[in-house]
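Student: The structure under discussion is supplied below as structure tokens; questions concerning it will follow.
Throughout, read-outs are computed from the coordinates displayed, never taken from laboratory work. Keep in mind the model is a prediction, meaning the values are calculated, not measured. So basically every Cβ, Gly included, is an ideal-geometry build from the backbone, and we count neighbours across all protein chains shown.
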Amino acid sequence: MGLVNSCFKGDDQAGLGDKDGSPGETGAVKQYSWDQTRAQKDISKYIIENIHQGEVGRMPGDSSLFIRDCSDCTLVASCGQFRTRDCHGLTAFLCCPTQPIIEATTKAKFGCFQVNYPELADQFQQAGLSRFNNMWWNIHDFTPIHESKNWKLLGECYKVKEFLTQPASKPLNGVTLDFESSPVPYTIGSRSRDHDETSLVLIFADNLQDQRAAKVLAEMDRHTEIELVKTRFLQLQDTDAERIFSSKNYKISCQLGPVIALQFAGPDCIRFCGKVVDSVTISTLGQGKILTSTDSSTASSQINGLFNFIDMQMGL
């Protein structure tokens, strides 16, 4: 798949480098060092460097992705860890389960992953990544500056297709640049919200877990005033679940496998989440398979407990 293994057309590209940092070949038709030995190499582990005024796509991979010595370029990527060094004017649309890290990087902009193509869902599975684990918004800057920031989060009005050229030729013509079709849920992360009311939906493991999550997201998306804040796919131990939810009622459910957590925010979102969960429970015979907050006090306690636990697990 072209998008996931190569650069888009750019004005001035040195290309992708190998893990040792050696640049790719340049020329009218770009050839990269891994083109000749592609079958023997793990192409998920490349460094991207020396891209200037270019557009880059990168396949899902559980390893780190390093961006260095790049300027005024746009990147869409899914990776286990994202790091930049010596970059300026980088715009990145990410799906990353860990904190994106920048160093000696200025005027960087970050947005939620907004791309789809036929092979993408399978590639997430093969890479061992969950589309629900995305911390695109939780940036750590190793070289911060006083009274300002080296980075900012793009607002929801900014779409990936405003930054990337829609591919028209094979094999990239199957790529769509929007969040509506992307398998990665579009989250607002730590961006400011217009309303303080928030709610948690927890979907327990079974063979219909993904289907229930998709139904909840689709039905909540109809309420345009409600925003999806964060999502997570994680395993909860008995003691963790009891502490977070102040109940032993979910002990057996958590033993079945990882749970999907969805945090929503917006006016009357607790009531809307309750209605949607009831509807999805009935349509999928999911009695006891979905938990949602019943009031604002419970919602705040559950959300703080769950995401503080996640931060602790990650050492944040």
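Student: Taking the Cα atoms only, what angle lies between the long axis of helix 209-221 and the longest principal axis of the chain, rounded to 10 degrees?
Tutor: 90 degrees
Student: Of the residues Pro258, Pro267, Pro171, which exhibits the maximal mean-square fluctuation in a Gaussian network model of the chain defined by a 10 Å Cα contact cut-off?
Tutor: Maximum among the listed residues: Pro171.
Student: Here is a follow-up. Among Asn150, Asn138, Asn304, whose mean-square fluctuation peaks in a Gaussian network model of the chain (Cα, cutoff 10 Å)?
Tutor: So, out of Asn150, Asn138, Asn304, the one fluctuating most is Asn304.
Student: Where does the charge balance sit around Leu256 when Lys and Arg score +1, Asp and Glu -1, over other residues with C-beta under 15 Å from its C-beta?
Tutor: Residues close to Leu256 contribute a combined charge of -1.
Student: If one takes the longest principal axis of the Cα atoms in the chain, at what angle in degrees, from 0 to 90 and to the nearest 10, does the Cα axis of helix 296-314 lie?
Tutor: On a 0 to 90 degree scale, this one is about 40.
Student: Still on this model: Which percent, to the nearest 5, of DSSP beta bridges fully inside the chain are antiparallel?
Tutor: Details: 22 of 56 bridges.
About 40 percent, rounded to the nearest 5.
Student: Here's something else I'd like to know. Can you give the local net charge around Glu242? Use residues other than it whose beta-carbon is closer than 14 angstrom to its beta-carbon, Lys and Arg +1, Asp and Glu -1. Intermediate results must be reported in sequence, preceding the final value.
Tutor: On the way: positive: Arg243, Lys248, Lys251; negative: Asp238, Asp240.
Here the charged neighbours net out to +1.
Student: Still on this structure: Specify the longest stretch of the chain that does not include any exposed loop site, a site being one of the chymotrypsin sites (Phe, Trp or Tyr not before Pro) with a non-H, G, I, E, B DSSP assignment and at most 16 other Cβ atoms within 10 Å. Don't skip to the answer; put the middle values down first.
Tutor: On the way: sites that count: Phe142, Tyr158.
No qualifying site falls inside 159-316, the longest such stretch.
Student: Here's another thing I want to ask about it. By counting other Cβ atoms within 10 Å of each Cβ, how are Arg193, Arg58 ranked from fewest to most? Let's see the in-between values first.
Tutor: Working: Arg193 13, Arg58 24.
Final ranking by Cβ density, sparse to dense: Arg193, Arg58.
Student: Where q = 0.07, 0.13 Å⁻¹, what log10 of I(q)/I(0) comes from the Debye formula for the chain, counting one point per Cα?
Tutor: The calculated log intensity ratios at q = 0.07, 0.13 Å⁻¹ are -0.29, -0.96.
Student: Under 10 Å, Cα contacts only: if you run a Gaussian network model on the chain, which one of Pro118, Pro185, Pro100 comes out with the highest mean-square fluctuation?
Tutor: Comparing Pro118, Pro185, Pro100 in the GNM, the peak value goes to Pro118.
Student: Near Arg232, within a Cβ-to-Cβ distance under 15 Å, what is the net charge of the other residues, with Lys and Arg +1 and Asp and Glu -1? Intermediate values should be presented prior to the final figure.
Tutor: Details: positive: Arg131, Lys230; negative: Asp210, Asp240, Asp311.
Neighbour charge sum, excluding Arg232 itself: -1.
Student: Something else about it: Report the label-to-label distance for Ser296 and His146 in nanometres (one decimal), using points 7 Å from each Cα along the Cα→Cβ vector.
Tutor: Here the modelled spin labels are 4.0 nm apart.
Student: Hey, another quick one. Do any trypsin sites (Lys or Arg not before Pro) in the stretch 234-314 lie in a loop, going by DSSP, with at most 12 other beta-carbon atoms within 10 Å of their beta carbon, and if so which?
Tutor: Numbers: sites: Arg243, Lys248, Lys251, Arg271, Lys275, Lys289; in loops: Lys248, Lys289.
For trypsin sites (Lys or Arg not before Pro) across the stretch 234-314 that sit outside H, G, I, E and B with at most 12 neighbouring Cβ atoms in 10 Å, the list reads Lys248.
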